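The structure under discussion appears below in the form of structure tokens.
The values are calculated or read from the model by the stated rules, or taken from the named source; none is laboratory data. None of the values given here were measured: they were computed from a predicted structure. In this analysis, Cβ positions are derived from the backbone assuming ideal geometry, glycine residues included, and neighbour counts consider all displayed protein chains.
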Amino acid sequence: MKTLQFILKKLTGALITIVAIAIANFAIFRIAPGDPIRMMFKDPRVSTEQLQAMRVKFGLDKSIGGQFIDYVKQLLHGNLGFSFWQKRPVADVIGDRIGQTLILVVTALVIATTLGIILGAISGWRNGSKTDRTILSLSLVLYSIPTFAMGILLLLVFGFILLLFPLGGITTPASGFTGFMYLKDVLWHMVLPAFSIVLWYVGEYILLTRSSMVEVMDQDYIVTARSKGLRESVILRKHALRNALLPVVTLSGVNFAFAIAGVIEAETVFSWPGIGRLTYDAVMKRDYPLLQGIFLLFAVSVVVANFIVDLIYTRIDPRIKTGAAHE
Amino acid sequence: MSNTKAELSINKKRKQKIRNQKIKDFLYLLIDHKMGKIGVGIIVIFLFVALAAPLLRTVSPHQSGNASEILIPPNSQFILGTDDLGRDVWSQVLYGSRVSLLIGFVSALATVVTGTLVGIIAGFYGGILEEVLMRIVDFFMMLPALPLMIVLAAVLGPNIWNIIFVVTLISWPTTARVVRSQVLSLKERPFVEASRCIGAKNSFLMFGEIFPNVVPILFAEAVIMITEAIYAEAVLSFLGLGDPVRMSWGSMLHFAFDSGTMARAPWWVLPPIVSIILLIIGFSFLGTAVSDILKPGYKEKKGL
Amino acid sequence: MNILEIKDLKVYYMTKNGPAKAVDSISFSVEKNKTVGLIGESGCGKTTTARAIMNFVKEPGEIAGGEIIFNGRNILNLSDGELRALRGKEITIVRQEAQNALNPVMTIGDQIAEVILEHERIDKKAAWQRAEKQLDLVGISHKRAKTFPHEMSGGMRQRGMIAIATACNPDFIIMDEPITGLDVIVQRQLLTLINDLRNRLNLTALFIAHDLSVVSETCDEVVVMYAGKIMEKADVVSLYQNPLHPYTKALIHSYPSIRGERRKLKSIPGSPPLLVNPPEGCRFHPRCEFATDLCRTVEPEIRRINGHSVACHIVK
């Protein structure tokens, strides 16, 4: 029963946050200096009457309140606005790109979390050892290199100099690959962008897992486990890691927001045709409706990711069920 | 009466002395810490570069060269070569350190001030005020930072002060949270209770009694915030949202990337990348050292 | 027959001001089917002794000398593998504050079954059934095998610890203040349980406590420790009725009797010494009302007097 209550509370929180995001999103773009219609039609030959007609068409002649009601109505119909640059509905533009971003981000996160948790656990388990210090300083350095800088370095070394990997894009242009060859080609293109995300993210996860592990290793129940004569591998898996991963899981929701940053940077450097590169292009073209749509998507996906993490948490921490796990 | 006054002033002096000793101990521990040493070293070098940029430069960073000077590799005149407009890379790198450090320090200061105010007020007063403030904090922490910064920077226009504003807007909630949780435990301590009993005003309790006790954590927070602000500025500038007047390392990379000549001119790309990475590593190491030192028991372990 | 013999054991904690001698040359033994009580104020080296018996001293502590002979083998010479086989099977421990000593994300049943699975050739199902039996044994219904530590009361958690410690029929159990921090009624119930198990399972045990009255009901013999040294050693009745060492006397008078005898309580003046730089002579002399110049300069040897072993110059 307590679990249900917990989930309901988190769900309400998530919904309120989404509403607040929608309002903020509307507000941010009203403070934009300059006339969006003027920005759209930079050609001075467009007459004032024509501009006025466009304003009416996009509802920009109405009061702020009226515009907000329009905005909410449109949102509820899944309409995110009209992209000035692509001359298409924003939802369509984003929809075309979502798949490419998901495949990149999921691959990178799976590799990074697995590696990060393993290395972080070893580091924390052997706290103070040489292995620990090596892993720790490596992760601090990785964590300090911005994804885009790492991307450019990887691109220079492996793309331009060693010619090992393609310079960008998602497929070899006009190759006509199908089936397995096509998949291989995509994976081939994904190596560098994925790794520029992984290398930063793995640092983050090592640091998180390590500090959590160090804390757990000091707990009384680890001493108990040792006094039971259990094998080290059992103590590590069943006693230390299971407890150490709880805070790591909690933070992975927050980390999802960082992953978005990594995706924007990596996709930009490697011209990966996903939402991240789209963000860059929208900025370059000052396409505000598109930017607005992208921001809404990112913000909502972070909220959803956090909600999913809360759901996972109810399954792995028994204390939630009885409401014992207050912060 | 005058007697107590004299006692008070002696007390004050003693407090001052203790504080000085604490700062000395802290600096000693920092230099003693391996990462702290490296971090401080890197930061000092960059601070020197930023201050001495006009002396170290060979040509003005803005000065465009003539057509024959475009994208030439490092030589005796242009130590690090030139970019696609014939501008000197060396002087751009020198002046870039100013942008990074300025944004880092000013944003961190603004963040810590805002975060501390909100954190102390929320933690001290509690009740509905705390509830409302912490909801706002939670909301900001839920937003994806980079997309929000991109949107705001794009909407507000590319300019160094807007970048500082945007970075601060993103970072203050973390500080507010940390400070609040400290205040919650501090306000129950006997010395605050004692001060309250002799009729101290709320403002004195908050800033005279509680605040001095959060300063060490604020210092750690500030170092983290500087790191994040430098990082954020680099990313925003790389994405083309940098201040066009003040060339930063991120903007240099943006132009290099945008020009499509990256592969032909590594001398243009590598210096800003190395600078960004080094400076961030410097502050990360310093941050790690500071949080190590502030851990309870560290001082005793080192024999102080 | 002695199951455990501790000879001249020294455990030092390395600090920046030199070694703190938490346990300084102590010797005692435990006979089969007997329970020995180890008492003294907090910080006198009781828990450190317990940890040393399992060869389990935490950094910066180290065993600086002595022998711990358990069933004819010196525990301090065993390999890691041999120690693992020993811990949880031959020697087990019931630790204080079960709230932190039990793993919060495992059910109590799992935590019992785990130790059986580790030490015996048995399948998971059989181990689980044994775990349920153990719970019944310590007075928790086997139906509660699937509860987590946070869903149990303090007394139940401590019973759970006992169930883990007795799961593999150990030769020797260390009870490290098993009833500390619980309320009086629960303490009473746990003592009854421990006594009951002692008789039913013929346990051999070391019972650590900080007051004599608890020990008086469960133990056959008592060792009194002060500042890392043994002060007095005797069988329980004799020690309780006729304490010889001034520290033992003070200790008896500083706690209320659990049997409810009424008497005036007296606290021991002063506090235990710092173990980095212990007082010369007898370690208890700064707090002893009978101290002489001899006590201040010469450390007393342990002597046999009236069936007691006692380290004191003034006892005749």
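For the stretch A:205-220, what are the residues that are assigned to a helix (DSSP H, G or I) and either within 13 Å of chain C (Cβ to nearest Cβ) or closer than 22 Å to C:VAL57 by Cβ (or both)?
Selection gives A:VAL214, A:GLU215, A:VAL216, A:MET217, A:ASP220.
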Problem - Residue in the stretch A:263-274 that is in contact (Cβ under 8 Å) with a residue 40 or more places away in the chain, at the interface with chain B (Cβ under 10 Å from one of its Cβ atoms) and among the small types (Gly, Ala, Ser) present - result: no
Counting only residues in the stretch C:81-92 that are surrounded by 20 or more Cβ atoms within 10 Å (Cβ to Cβ) and hydrophobic (A, V, I, L, M, F, W, C), the one farthest from the other protein chains (Cβ to nearest Cβ) is identified as C:ILE91
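Pick out the one residue from C:ARG95, C:ARG157 that is more than 18 Å from the chain's Cα centre (by Cα), within 14 Å of another protein chain (Cβ to nearest Cβ), crowded, with 16+ Cβ neighbours inside 10 Å and basic (Lys, Arg).
Result of the check over C:ARG95, C:ARG157: C:ARG157.
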Note on C:LEU78: of the conditions (1) more than 8 Å from chain A (Cβ to nearest Cβ); (2) crowded, with 21+ Cβ neighbours inside 10 Å; (3) within 23 Å of the chain's Cα centre (by Cα); (4) hydrophobic (A, V, I, L, M, F, W, C), unmet is (2)
In the set B:VAL215, B:VAL178, the lone residue that is of a type in the set (Val, Ile, Thr), closer than 22 Å to B:SER107 by Cα and modelled with pLDDT under 90 is B:VAL215
Being at pLDDT below 90 and closer than 30 Å to A:GLU215 by Cα narrows A:SER129, A:SER63 down to just A:SER129
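Looking only at helices (runs of 4 or more DSSP H) that lie completely in the stretch A:70-165, which have at least 1 residues being touching a Pro at 6+ places or on another chain (Cβ under 9 Å)?
A:90-125, A:147-154
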Checked A:PRO247, A:PRO289 against criteria (in a helix (DSSP H, G or I), more than 9 Å from every other protein chain (Cβ to nearest Cβ) and more than 20 Å from the chain's Cα centre (by Cα)); the one match is A:PRO289
Contact list, first residue from the stretch A:134-153 and over 15 Å from B:LEU286 (Cα atoms), second anywhere and at pLDDT below 90 and aromatic (Phe, Trp, Tyr), beta-carbon distance below 8 Å, six or more apart or interchain, is A:ILE152/B:PHE257
B:SER284: passes all of (1) away from chain A (no Cβ under 11 Å); (2) closer than 30 Å to B:LYS37 by Cβ; (3) not acidic (Asp, Glu) but (1)
Q: Would you mind stating whether B:LEU55 is over 29 Å from the mean Cα position of the chain (by Cα), aliphatic (A, V, I, L, M) and surrounded by fewer than 16 Cβ atoms within 10 Å (Cβ to Cβ)?
A: no
The condition from (1) in contact with a Gly (Cβ under 7 Å, 6 or more places away or on another chain); (2) not in a helix (DSSP H, G or I) that B:PRO244 misses is numbered (1)
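Among the candidates C:ALA22, C:ALA50, C:ALA101, C:ALA64, which residue alone is touching a residue at least 40 places away in the same chain (Cβ under 8 Å), more than 11 Å from every other protein chain (Cβ to nearest Cβ) and closer than 20 Å to C:HIS210 by Cβ?
C:ALA22
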Those helices (runs of 4 or more DSSP H) completely within the stretch C:54-156 that have 2 or more residues that are acidic (Asp, Glu) are C:80-86, C:108-119, C:124-137
With criteria (1) buried (at least 20 other Cβ atoms within 10 Å of the Cβ); (2) facing another protein chain (nearest Cβ under 9 Å), C:VAL138 comes up short on (2)
Tell me, yes or no, whether the stretch A:297-308 has at least one residue that is assigned to a loop (DSSP other than H, G, I, E, B) and away from every other protein chain (no Cβ under 11 Å). no
Of A:VAL198, A:VAL223, A:VAL202, the only residue that is part of a helix (DSSP H, G or I) and within 12 Å of another protein chain (Cβ to nearest Cβ) is A:VAL223
Scanning the stretch B:232-245 for residues that are of a type outside the set (A, V, I, L, M, F, W, C) and either modelled with pLDDT under 85 or surrounded by fewer than 20 Cβ atoms within 10 Å (Cβ to Cβ) (or both) gives B:PRO244
Checked A:LYS238, A:LYS184 against criteria (among the basic types (Lys, Arg), away from every other protein chain (no Cβ under 13 Å) and either within 26 Å of A:ILE152 (Cβ to Cβ) or not in a loop (DSSP other than H, G, I, E, B) (or both)); the one match is A:LYS184
The correct count of residues that are surrounded by fewer than 22 Cβ atoms within 10 Å (Cβ to Cβ) and within 8 Å of chain A (Cβ to nearest Cβ) in the stretch B:247-261 is 1
Residues of the stretch C:174-190 being free of Cβ contacts under 8 Å to residues at least 40 places away in the same chain and buried (at least 20 other Cβ atoms within 10 Å of the Cβ), in sequence order, are C:ILE179, C:LEU182, C:LEU190
